[in-house]
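Take a look at the structure set out below.
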Amino acid sequence: MTDPTPPDHDPAELQRVARELRGGLQPLLQALAGEPARPVRLTQGIGLDKSLASRLVKAVRSDGEAEFLHHIPSPTGLRILLERARGQADASLLRDVEAGVRRFETLLDRLPGGRQALDARMGESSSAIREKREQMARQASFKAQSFLFGHYCETLTTALFVLPSAQSGRVDVIEVHRRIGLQRLTPTMAVPLLSVHAGPAATAEEAPRLRPLASDEPSARAEDFLLPDPAGEPLPTVQVVREDSAATFVFPAGEAARLPRRLTTAWRVLNAFALDTPEPWRILRNYMLHTPCHTLVRDLYLAEGLWPDARPLVGFYLPGPSGTPMVTVEPGQPHLRRLNLSARIEQRPDGPEAFALEESSDQACALQAALARAGVAQQRWRGWRCRMGYPVPLVEMQLALRFSGH
């Protein structure tokens, strides 16, 4: 037998508390600030600061109880209103609001996590509330992680191009990463850039093979994966750190190790995966962001005619246990590691406009140069873009396709 839902977890209880508090607050604000209530009347009339006055007015104007609870100030802020309103409004109005504030405070005290938990609960029923609170949390996380990591990037972009392989029944991928406005906060911190596993050439004919754009041979040389800057800046000095079969390209620590204003890295994976799949979905890429950034842009481009019934999906997951094989998680389905982060992926226009990026005027030139280097400059694509502000590092971002024809 399960326990009944506690009152503080009961949506009906949350609605009741919101209705009672709003019912007392609306006539009080009308008496203090007129109809419709305006924040300036509260600041000039009873001396509230602009922020508190604005939140009060926004709360009573909101649509629905969830929006009201999201905007309403804390019980402390509401008691400041009551204190300033004494002698300015009828005592019965103050008593009604006082009773509503006590019930609101009791609700928060009984809710594990308090106001933060209430906002999270409201976000489950309102995407607008969730996105606003999530953006605030992401921004706070960016500041903290930039300090801890010792570096950050203004804009980080990735473009994944998928096209048929020369090997029948397989597809290749081309990937281009750009870091724009890379900044080092701590001179003693090295900045990892890219890791490649460049072992001997694969013997299995269909095995995936990571290669530089312009070569069919494996490489662990940093310059084979760095593309010239469209503005003509010289390539930066990059240190190669080898660990077992992996080679990691790193900007070394030190004041003298200047970070480039823009950096483009690119590579190919030949025979990346089979053309056909028995499932109605396919995972194309699992990204792990290691650089805090203001803006993250991830593009996906499919060669014209490839998988015409595919639509892209984006998901976020906590990393699996260290040292264990990666588990395939079906996109869009519940999973114990899945995170409820907001992200939209939108189709790009056809033609040259597809590559354009507001944050970087040379984005299209950089992508076109990479495709030319890989020998596919004339290929036509259809694409999508996912843009995020203050993405969360060290979280897996899954880029997948779902096929309607299955």
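The values are calculated or read from the model by the stated rules, or taken from the named source; none is laboratory data. Owing to the predicted nature of the structure, the values given are computational and were not obtained by experimental measurement. Note that each Cβ is placed from the backbone with ideal geometry, even for glycine, and that neighbours are counted across all protein chains shown.
Residue 313 - would you say it is of a type outside the set (Ser, Thr, Tyr), assigned to a strand (DSSP E or B) and touching an Asp or Glu at 6+ places or on another chain (Cβ under 9 Å)?
Details: of a type outside the set (Ser, Thr, Tyr): yes; assigned to a strand (DSSP E or B): yes; touching an Asp or Glu at 6+ places or on another chain (Cβ under 9 Å): no.
When the stated conditions are applied, residue 313 does not pass them.
Among residues of the stretch 160-172 that are more than 27 Å from residue 364 (Cα to Cα), those with a beta-carbon under 9 Å from a residue that is of a type in the set (Phe, Trp, Tyr) at least six positions away or on a different chain give the pairs 170/273.
Of the residues making up the stretch 279-296, just one is exposed (fewer than 13 other Cβ atoms within 10 Å of the Cβ) and modelled with pLDDT of 90 or more, namely 279. When 124, 83 are screened for being of a type in the set (Asp, Glu), assigned to a helix (DSSP H, G or I) and at pLDDT below 80, only 124 passes.
Only one entry of 237, 291 meets the criterion of being in the same structural domain as residue 141 (by TED's automatic domain parsing) and polar (S, T, N, Q), and that entry is 291. For residue 121, are the conditions met, namely being surrounded by fewer than 20 Cβ atoms within 10 Å (Cβ to Cβ), without any contact (Cβ under 8 Å) to a residue 40 or more places away in the chain and not hydrophobic (A, V, I, L, M, F, W, C)? No.
If you filter the stretch 7-44 down to residues that are at pLDDT below 90 and among the small types (Gly, Ala, Ser), you find that the one that is farthest from residue 112 (Cα to Cα) is 34. Based on what the data block shows, is residue 299 at pLDDT 95 or above and either over 24 Å from residue 369 (Cβ atoms) or within 19 Å of the chain's Cα centre (by Cα) (or both)? So residue 299 passes the test. For residue 237, are the conditions met, namely being in a strand (DSSP E or B) and either of a type in the set (Asp, Glu) or out of contact with any Cys (no Cβ under 9 Å at 6 or more places or on another chain) (or both)? For residue 237, the condition - in a strand (DSSP E or B) and either of a type in the set (Asp, Glu) or out of contact with any Cys (no Cβ under 9 Å at 6 or more places or on another chain) (or both) - is not met. Being surrounded by fewer than 16 Cβ atoms within 10 Å (Cβ to Cβ), on the phi < 0 side of the Ramachandran plot and part of a loop (DSSP other than H, G, I, E, B): is that true of residue 331 here? No.
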